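To start, the structure itself, in structure tokens.
The values are calculated or read from the model by the stated rules, or taken from the named source; none is laboratory data. Just so you know, these numbers come straight off a predicted model, no measurement behind them. With ideal geometry, Cβ positions are generated from the backbone for all residues, glycine too; neighbour counts draw on all protein chains shown. Keep in mind that these areas ignore ligands, DNA and RNA; they rest on the heavy atoms of the full protein, side chains included. Shrake-Rupley method; radii C 1.70, N 1.55, O 1.52, S 1.80 Å.
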Amino acid sequence: MDKDVLTRVAKQMVSPGKGIIAADESSGTSKKRFDAVGIAPTEENRRRYREIIITADGLEEYISGIILFDETIRQKASDGRPFPQVLADKGILTGIKVDAGLKDLASHPGEKITEGLDGLRERLVEYKALGATFAKWRAVITIGNNIPTDACIHANANAMARYAALCQEVAIVPIVEPEVLIDGDHSIKACYEATVRTQKKLFEELQEQDVFIPGVILKASMVIAGKEAPKQSTPEEVARETIRALRTSLPKELAGVVFLSGGQGDEQATENLNEMNKIGAGLPWPLSFSYSRAIQNPVLKIWAADPEHNAAKAVQALLFRSKMNALATKGEYKSEMEKERPY
Ligand code: 13P
């Protein structure tokens, strides 16, 4: 294990004022997003759309890394350069989603287990050769009647720790992403409890597998009331409860925390991150973002409205949301800034 490389890359992923874009939607998820805006789910359309994000001029000012899907890491820009090369030329790190998605957890109705450990060692060697310096594995934890169970939390934490150890073997920084889903009508308190149970178990398992913690990034869900909850959470509540959960669960050696947007509105995700960074001074970890939808929503919509002519407008939207979130990593975002929105 090359601890120097792991430490350096992990630090670079959460360097001040920068965050990560998740552009690693599987072909299935990408189809859902394309269907919603009337784009045919072909390999070439996925390439064309991702090219807009990957080649955007100036993105490196706000973005430290982009997570790609297996298909995308093998694709090329129109000028012939492989996508990881385009990113490297701008100083943006290439990440790769390596989990194989969700399956029902046996004997546990309503709960999921993430698959993808079989053959992972060999796949990581290949991804490294293709230019990946970090990876992502997502597990989901669902809040409901008598769930999450310890069985689900434990099985997912164990798989994630084994994934992380395999990544570090080849000096790839693992992002561990245990997403507590926002779906449902649960309270912020229920989310806090499920989040702390999940994160604590994950770090126990990481330690048991001898994972090098300064070479790990946690991709966390925010502590927030369920989407259907009668009482929705304010940014102040989200910031306070999320930070309280992190303080309770995480070792201080962890390299950093990046948040997923999880179905929050675009501005809501920016505002919540900003609030955390306003009150989070003195925390041992940088708090940044690794958003997919909260950055890409306007980008995809604009491009899809007229793919032949709207690429430049889509890039403007991408740069704007990236900048707003980059400001939020420093607690410097203000909602009035949305008036400058170029879309
Ligand atoms: P969202 O920001 O859309 O939740 O996606 C983040 C992600 O990469 C989920 O794995």
Across (1) more than 16 Å from the ligand (Cβ to nearest atom); (2) modelled with pLDDT of 95 or more; (3) among the small types (Gly, Ala, Ser); (4) at positive phi, Ala311 clears everything bar (4)
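If we keep just the residues of region 173-193 that are crowded, with 24+ Cβ neighbours inside 10 Å and not acidic (Asp, Glu), which is farthest from Val216 (Cα to Cα)?
Here is the first cut: in region 173-193, the residues crowded, with 24+ Cβ neighbours inside 10 Å are 173-178, 180, 191.
Still in the running and not acidic (Asp, Glu): 173-176, 178, 180, 191.
Values: Val173: 6, Pro174: 5, Ile175: 6, Val176: 7, Pro178: 13, Val180: 19, Cys191: 23 Å.
It comes out as Cys191.
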Over region 160-205, the set of residues over 14 Å from Glu111 (Cα atoms) and in contact with a Ser or Thr (Cβ under 6 Å, 6 or more places away or on another chain) is Ile188, Val196, Gln199, Lys200
Conditions (1) of a type outside the set (D, E, K, R); (2) within 15 Å of the ligand (Cβ to nearest atom); (3) closer than 25 Å to Val216 by Cβ; (4) open to solvent by less than 50 Å² (accessible area, probe 1.4 Å) -> Ala100 fails only (4)
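Given the criterion within 14 Å of the ligand (Cβ to nearest atom) and in a loop (DSSP other than H, G, I, E, B), identify the matching residue among Ser290, Ser233, Ser261. First the steps, then the outcome.
Working: Ser290 fails: in a loop (DSSP other than H, G, I, E, B); Ser233 fails: within 14 Å of the ligand (Cβ to nearest atom).
So the residue among Ser290, Ser233, Ser261 that is within 14 Å of the ligand (Cβ to nearest atom) and in a loop (DSSP other than H, G, I, E, B) is Ser261.
Name the residue, out of Arg8, Arg46, Arg33, that is open to solvent by 40 Å² or more (accessible area, probe 1.4 Å), among the charged types (D, E, K, R) and without any contact (Cβ under 8 Å) to a residue 60 or more places away in the chain.
Working: Arg46 fails: open to solvent by 40 Å² or more (accessible area, probe 1.4 Å); Arg33 fails: without any contact (Cβ under 8 Å) to a residue 60 or more places away in the chain.
The conditions single out Arg8.
Yes/no per residue for (1) modelled with pLDDT of 95 or more; (2) part of a loop (DSSP other than H, G, I, E, B); (3) surrounded by fewer than 17 Cβ atoms within 10 Å (Cβ to Cβ); (4) within 16 Å of the ligand (Cβ to nearest atom):
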position: Asp118; (1), (2), (3), (4): yes, yes, yes, no
position: Arg121; (1), (2), (3), (4): yes, no, yes, no
position: Val125; (1), (2), (3), (4): yes, no, yes, no
position: Ala132; (1), (2), (3), (4): yes, yes, no, yes
position: Lys136; (1), (2), (3), (4): yes, no, no, yes
position: Val140; (1), (2), (3), (4): yes, no, no, yes
Only one of Ile39, Ile53, Ile20 is in contact (Cβ under 8 Å) with a residue 60 or more places away in the chain and in a strand (DSSP E or B), namely Ile20
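Is it fair to say Gln75 is among the polar types (S, T, N, Q) and in contact (Cβ under 8 Å) with a residue 40 or more places away in the chain? Before the answer, list the steps.
Details: among the polar types (S, T, N, Q): yes; in contact (Cβ under 8 Å) with a residue 40 or more places away in the chain: no.
Considered against the rule, which asks whether it is among the polar types (S, T, N, Q) and in contact (Cβ under 8 Å) with a residue 40 or more places away in the chain, Gln75 comes out as no.
Each row is one residue, and each column tells you yes or no for (1) more than 21 Å from Gly65 (Cβ to Cβ); (2) among the basic types (Lys, Arg); (3) open to solvent by 20 Å² or more (accessible area, probe 1.4 Å).
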| site | (1), (2), (3) |
| --- | --- |
| Ile295 | no, no, no |
| Glu308 | yes, no, yes |
| Ala311 | yes, no, yes |
| Ala317 | no, no, no |
| Arg321 | no, yes, no |
| Ala328 | no, no, no |
| Tyr333 | no, no, no |
Out of (1) away from the ligand (no atom under 15 Å from the Cβ); (2) within 30 Å of Gly184 (Cα to Cα); (3) in contact with an Asp or Glu (Cβ under 9 Å, 6 or more places away or on another chain), the one Asp35 does not meet is (3)
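Residues that are under 20 Å from Met160 (Cβ atoms), part of a strand (DSSP E or B), at pLDDT 95 or above and not hydrophobic (A, V, I, L, M, F, W, C): does region 212-229 have at least one? Show your work before the answer.
Residues of region 212-229 that are under 20 Å from Met160 (Cβ atoms), as a first pass: 212-223.
Of the ones still in play, those that are also part of a strand (DSSP E or B) are 217-220.
Then keep just the ones that are at pLDDT 95 or above; that gives 217-220.
Retained after the next criterion (residues that are not hydrophobic (A, V, I, L, M, F, W, C)): 219.
Scanning region 212-229 turns up at least one residue that is under 20 Å from Met160 (Cβ atoms), part of a strand (DSSP E or B), at pLDDT 95 or above and not hydrophobic (A, V, I, L, M, F, W, C).
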If you go through Glu275, Glu253, the only one that is open to solvent by 20 Å² or more (accessible area, probe 1.4 Å), closer than 18 Å to Pro174 by Cα and away from the ligand (no atom under 16 Å from the Cβ) is Glu253
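Within region 157-171, can you find the residues that are under 28 Å from Gly131 (Cβ atoms) and either in contact with a strand residue (DSSP E or B) (Cβ under 9 Å, 6 or more places away or on another chain) or open to solvent by 30 Å² or more (accessible area, probe 1.4 Å) (or both)?
Once the filter is applied, which keeps residues that are under 28 Å from Gly131 (Cβ atoms) and either in contact with a strand residue (DSSP E or B) (Cβ under 9 Å, 6 or more places away or on another chain) or open to solvent by 30 Å² or more (accessible area, probe 1.4 Å) (or both), region 157-171 yields Ala159, Met160, Ala161, Arg162, Tyr163, Ala164, Ala165, Leu166, Cys167, Gln168, Glu169, Val170.
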| said: Among the residues in region 204-211, are any surrounded by fewer than 18 Cβ atoms within 10 Å (Cβ to Cβ), at positive phi, of a type outside the set (Phe, Trp, Tyr) and more than 16 Å from the ligand (Cβ to nearest atom)? | reply: yes
